[in-house]
1. Give the stretch 208-238 a look and list any residue that's closer than 20 Å to Leu85 by Cα and within 20 Å of the chain's Cα centre (by Cα), or say none.
2. For the stretch 162-252, which fully contained helices (runs of 4 or more DSSP H) count at least 1 residues that are of a type in the set (D, E, K, R)?
3. Do you know which residues across the stretch 46-59 are assigned to a helix (DSSP H, G or I) and modelled with pLDDT under 90?
4. Would you pick out the residues in the stretch 140-186 that are basic (Lys, Arg) and either touching a His at 6+ places or on another chain (Cβ under 9 Å) or within 30 Å of Gly227 (Cα to Cα) (or both)?
5. Can you pull out every residue in the stretch 60-113 that is among the charged types (D, E, K, R) and free of Cβ contacts under 8 Å to residues at least 12 places away in the same chain?
6. Counting only residues that are at pLDDT below 80 and under 17 Å from Leu141 (Cβ atoms), how many does the stretch 19-34 have?
7. I'd like to know if the stretch 75-85 contains one or more residues that are assigned to a loop (DSSP other than H, G, I, E, B), among the aromatic types (Phe, Trp, Tyr) and over 28 Å from Ala48 (Cβ atoms).
Amino acid sequence: MSGIIYICAVFCALCLLLCGRRQKEQGRPGFPVWAGLLLLGALALRLALGYNSDGFSVDMDTFKSWGMTLGRVGLSEIYQQDMFLDYPPGYLYVLMLLEKIRQWTHLAWEGQMYTLVMKLPSIGADLLCGGALLWLGRRKLGDRAALLVSAAYLFCPAIFVNSVQWGQADSFCTMILVCSALLLYGEKWIPSGLLYGLAVICKPQMLAFAPMYIFFAVKRRKWAGLGVGIVCAIGAVLLVAAPFTKSFDYWW
């Protein structure tokens, strides 16, 4: 993977350098084609390397074990098991679905194909984030810059290695956060708050982005919107966690 990482780093740096030198432009006729090729290339490379890489074995085996245990004992019992489980409930839904897919397709638990399946949520999330940059970049910066910014993200070594090589869940959480931020920008407080709560219940590190919402509300003087967003975020956390509780006891 080291050679791929170096190539991605150089490509990412060139994209950012070219983007910094661009002039604002309008309407490149070939934008849909180039955007499609960019996303297709990012997907093809991710699938090829994702299949040929075992991932960060400790975490990958842990994810597989959690999914298998969820399939065996169900949501309400998973945190009662004598096992290591340091993730909040949000991403466990994804792992349970991936375990169902493994059972339906009869994939080997230790096989490379199942390892690739475990990486698919983050790989798909990378592409969706790249697509969001294409959409927003085209509106704000022009066609050429949108392609370069999206390419810089899709082939950034940190993003690439995290999802494709290690198989981590960060890209999946980032995708939810990006959607929430775009809704926030449009002052759609309820769906933005719901998605932010979902991101937090998938991975608590998403709490680091809470100041973004506060600063936005302060700048726009939208105190009611901020309050509604906070209530929605908390509601989303409680709703997602509810099936994992017994008699709605959240203190566990």
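1. Step one: list which residues in the stretch 208-238 are closer than 20 Å to Leu85 by Cα, which gives 237-238.
Correct list: Val237 only.
2. Working: elements: 170-185, 189-202, 210-220, 223-241.
Answer list for the stretch 162-252: 170-185, 210-220.
3. Of the residues in the stretch 46-59, the ones assigned to a helix (DSSP H, G or I) are 46-51, 57-59.
Passing the criteria: Leu49, Gly50, Tyr51, Ser57, Val58, Asp59.
4. Of all residues in the stretch 140-186, those basic (Lys, Arg) come to 140, 144.
Once the filter is applied, which keeps residues that are basic (Lys, Arg) and either touching a His at 6+ places or on another chain (Cβ under 9 Å) or within 30 Å of Gly227 (Cα to Cα) (or both), the stretch 140-186 yields only Lys140.
5. So the first thing to find is which residues in the stretch 60-113 are among the charged types (D, E, K, R), and the list is 61, 64, 72, 77, 82, 86, 99-100, 102, 110.
Residues satisfying the conditions are Asp61, Arg72, Glu77, Asp82, Asp86, Glu110.
6. Matching residues across the stretch 19-34 total 10.
7. Just the residues of the stretch 75-85 that are assigned to a loop (DSSP other than H, G, I, E, B), to begin with: 81-85.
Checking the rest, the ones that are also among the aromatic types (Phe, Trp, Tyr) come to 84.
Next, only the ones that are over 28 Å from Ala48 (Cβ atoms) stay: 84.
Within the stretch 75-85, one or more residues are assigned to a loop (DSSP other than H, G, I, E, B), among the aromatic types (Phe, Trp, Tyr) and over 28 Å from Ala48 (Cβ atoms).
Yes/no per residue for (1) in contact with a strand residue (DSSP E or B) (Cβ under 7 Å, 6 or more places away or on another chain); (2) farther than 24 Å from Leu127 by Cβ; (3) surrounded by 13 or more Cβ atoms within 10 Å (Cβ to Cβ); (4) outside the structural domain of Phe155 (by TED's automatic domain parsing):
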{"residue": "Leu194", "(1), (2), (3), (4)": "no, no, yes, yes"}
{"residue": "Ile201", "(1), (2), (3), (4)": "no, no, yes, yes"}
{"residue": "Ala224", "(1), (2), (3), (4)": "no, yes, no, yes"}
{"residue": "Ala241", "(1), (2), (3), (4)": "no, yes, yes, yes"}
{"residue": "Thr245", "(1), (2), (3), (4)": "no, yes, yes, yes"}
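The values are calculated or read from the model by the stated rules, or taken from the named source; none is laboratory data. Everything numeric here is computed off the predicted structure, so don't read it as measured data. Positions of Cβ are generated from backbone atoms using ideal geometry, with glycine treated the same way; all protein chains shown enter the neighbour counts.
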